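Q: Got a structure for you, written out below as structure tokens; questions coming shortly.
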Amino acid sequence: MILAIESSCDETAAAVVKNGRDVLSNVINSQIDIHKRYGGVVPEIASRCHLEAIDTVIDEALAQAGVTLDALDAVAVTYGPGLVGALLVGVSEAKAIAYAAKKPLIAVHHIRGHIMANLIAHKELEPPFLCLVASGGHSHIVHVKSYTDFSVLGRTCDDAAGEAYDKVARVLGLGYPGGPLIDKLAKEGDPAAVQFPRVRMANPLDFSFSGVKTAVINHLHKLEQKGEAYNKADIAASFQAAVVDVLCSHTVQAALGTGADKCALAGGVAANSALRAQMERVCREHGISFYVPPMALCTDNAAMIGCAAYYQYLRGDFAGLDLNAVASLELGTA
């Protein structure tokens, strides 16, 4: 029985998870409405909001699960990567609870948590499998060799997919967060209207979304300078098609290269309808089983952290009370 805490960005979350995959509670306090007015997450505001919400969120998670601190076997927390101030709120809270309740402390890597969301949603899924993690801050292709052994095959060299969505949504005047807004608008547009670039890197499994973002901005500037009208839906659809094509093609290439017959999708961008549909289609075409969490487990949440923590608990992977937040923590160092 693990109490898990997640505060890496703009969601304050707590969950109680039993045996890794049985979620007894999963409480999330989102700050999206607060950050909308600024067009993105303001780190200092995020940290202060976490401070205000975290005790209430944890109390609610324990109440919904019907457990007390005495019933817990461990306390788990995201310690990186993320916004350092936001992470510190969760880490400090988890350390205090672990100390007061005399429970082991488990330090969880945020990306590992996203991957493990698939294990909660699909009880039959077991390693090895391949996972594409796509979110506002991360784009990774990860070979999940075991419940605790992860190998990064490809990663973004600049902007993550979700970051590119936010920036393109801003220049289109759509608002924040950009992912859901572009996804909705793209359904009204022609994905072949503009041929935006699909970038290939030296490592064919790596990503780069800065180029396609810049291409969209330059395309719009040229049209505006000429006084030419354009269809926002067509731009959104064409941009999304470029991003989704790259994410899917690289992931399938990685699966074929490793011989993986199971492929999962995780992270905030995993909620994107076009990405979910295309990943499912290309996996089916290559005889690869496809897995994706429900929408509620795609965004940041604590249930996924509790799942990852369970497998660390089984191998005795505990942290000391000197645990610190690591904003740029690399996958594989957790």
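Q: With every protein chain left in place, what is the accessible area per residue of region 1-147 in square angstrom, probe 1.4 Å?
A: Numbers: 5390 Å² over 147 residues.
With all protein chains present, region 1-147 gives 37 Å² per residue.
Q: With just the Cα atoms defining each centre, how far is region 182-203 from region 231-254? Give it in Å.
A: Each part reduced to its Cα centre gives a spacing of 4 Å.
Q: Place a +1 charge on the Cβ of each Lys and Arg in region 1-77 and a -1 charge on the Cβ of each Asp and Glu, then give the dipole magnitude about the Cα centre in debye, rounded to the nearest 20.
A: Working: 5 positive and 12 negative charges, 46 e Å.
The dipole of region 1-77 has a size of about 220 debye.
Q: Further, regarding this structure: Treat each spin label as a single point 7 Å out from the Cα along the C-beta direction, and report the Met295 to Lys187 distance in nm.
A: With each label placed 7 Å out from Cα toward Cβ, I get 0.9 nm.
Q: How compact is region 46-117 by the rule of thumb for globular proteins, expressed as Cα Rg over 2.2 N^0.38 Å?
A: Numbers: Rg = 12.4 Å, N = 72, 2.2 N^0.38 = 11.2 Å.
Dividing the Cα radius of gyration by 2.2 N^0.38 Å gives 1.11.
Q: Continuing with the same structure: In nm, give the distance between the simple-model label positions of Ala277 and Ala202, each being 7 Å from the Cα along the Cα-to-Cβ direction.
A: For Ala277 paired with Ala202, the spin-label model returns 3.8 nm.
Q: Answer rounded, prolate or oblate for region 8-160, using the Cα gyration tensor with square roots of eigenvalues a ≥ b ≥ c: rounded when a/c is under 1.5, else prolate when a/b is larger than b/c, else oblate.
A: Numbers: a/c = 1.81, a/b = 1.09, b/c = 1.67.
Oblate, since a/c reaches 1.5 and b/c is not below a/b.
Q: How high is the relative contact order of region 101-252, given as a whole-number percent (alpha carbon pairs under 8 Å, six or more residues apart)?
A: On the way: 239 pairs, mean separation 31.3, N = 152.
After rounding, I find 21 percent.
Q: Starting from one equal scatterer on each C-alpha and no solvent at all, send me the Debye-based log10 I(q)/I(0) for region 11-96 at q = 0.13, 0.17, 0.22, 0.25 Å⁻¹, two decimals.
A: Once normalised to I(0) and log-transformed, intensities are -0.44, -0.72, -1.09, -1.29.
Q: With +1 on each Lys and Arg Cβ and -1 on each Asp and Glu Cβ, and nothing else charged, work out how big the dipole of the chain is about its Cα centre, in Debye to the nearest 20.
A: Result for the chain is approximately 540 debye, rounded to the nearest 20.
Q: Quick check: net charge around Asn301, other residues with Cβ under 11 Å of its Cβ, Lys/Arg +1 and Asp/Glu -1?
A: On the way: positive: none; negative: Glu6, Glu11, Asp300.
For residues surrounding Asn301, the net value is -3.
Q: Return the whole-Å distance between the Cα centroid of region 312-334 and the Cα centroid of region 255-279.
A: That distance is 26 Å.
Q: I've got another one for you. Need one number: nm distance between label points at Glu44 and Gln195, each 7 Å from Cα along Cα→Cβ, rounded to one decimal.
A: Result for the modelled spin labels: 4.8 nm.
Q: Sorted by average packing, counted as other Cβ atoms within 10 angstrom per residue and highest first, what order do 79-86, 285-292, 111-118 take? Write down the numbers at each step before the final one.
A: Details: 79-86: 23.0, 285-292: 15.0, 111-118: 28.1.
Per-residue mean Cβ counts within 10 Å order the peptides as 111-118, 79-86, 285-292.
Q: Could I ask something else about it? Rounded to whole Hz and in sequence order, give me ³J(HN,Hα) for region 127-137 from the Karplus expression 6.51 cos²θ - 1.76 cosθ + 1.60, θ = phi - 60°, writing x for Gly and Pro.
A: Those phi angles translate into x, x, 7, 9, 9, 8, 9, 10, 8, x, x Hz.
Q: Test of understanding: express the Cα radius of gyration of region 212-292 as a ratio to 2.2 N^0.38 Å, with N the residue count.
A: Relative to the 2.2 N^0.38 Å estimate, region 212-292 comes out at 1.38.
Q: Determine, for each peptide in 184-196, 2-14, the mean count of other beta carbons within 10 angstrom over its residues, then list the peptides with the highest first. Mind showing how you got there, number by number?
A: Numbers: 184-196: 16.3, 2-14: 29.3.
Put in order of decreasing packing, that is 2-14, 184-196.
Q: Tally Lys/Arg at +1 and Asp/Glu at -1 over every other residue whose Cβ is under 9 Å from the Cβ of Gln31; what's the total?
A: Result for the local shell: -3.
Q: Which part of region 15-44 falls in the paramagnetic zone of Glu52, meaning amide N under 15 Å from the point 7 Å along Cα-to-beta-carbon?
A: The answer is 29-38, 42-44, whose backbone nitrogens lie closer than 15 Å to the label point.
Q: Still on this structure, I have one more. Would you give the gap between the C-alpha center of region 84-155 and the C-alpha center of region 1-31, rounded to a whole Å?
A: Answer, in whole Å: 12.
Q: Ok, one more. Could you give the accessible area per residue of region 160-283, probe 1.4 Å, as a whole number in Å²? Don't jump to the answer; show the numbers that get you there.
A: Values: 5150 Å² over 124 residues.
It amounts to 42 Å² per residue over region 160-283.
Q: Shifting gears a bit: Could you work out the per residue convex hull volume over the alpha carbons of the chain, in cubic angstrom?
A: Values: hull volume 40.5 nm³, N = 334.
Given the Cα convex hull of the chain, per-residue volume reads 121 Å³.
Q: A further question follows. What does the charge dipole of region 118-186 about its Cα centre add up to, to the nearest 20 debye, if the Cβ of each Lys and Arg holds +1 and the Cβ of each Asp and Glu holds -1? Walk me through the numbers on the way to the answer.
A: Values: 6 positive and 8 negative charges, 23 e Å.
Roughly 100 debye for region 118-186.
Q: Which order, highest average first, do 298-305, 211-218, 310-317 follow once you tally other Cβ atoms within 10 Å for each residue and take the mean per peptide? Each step should come with its number before you reach the end.
A: Working: 298-305: 29.0, 211-218: 17.9, 310-317: 16.0.
Per-residue Cβ counts within 10 Å, averaged per peptide and sorted highest first, yield 298-305, 211-218, 310-317.
Q: Run the accessible area of the chain with a 1.4 Å probe and give the carbon-and-sulfur part as a rounded percent.
A: On the way: 6950 of 13470 Å².
About 52 percent, which is the carbon plus sulfur part of the accessible surface.
The values are calculated or read from the model by the stated rules, or taken from the named source; none is laboratory data. Note that the coordinates shown come from a computational prediction; the quantities given were computed from them, not determined experimentally. With ideal geometry, Cβ positions are generated from the backbone for all residues, glycine too; neighbour counts draw on all protein chains shown. Just the protein is used for accessible areas: all its heavy atoms, side chains included, with ligands, DNA and RNA removed. Shrake-Rupley method; radii C 1.70, N 1.55, O 1.52, S 1.80 Å.
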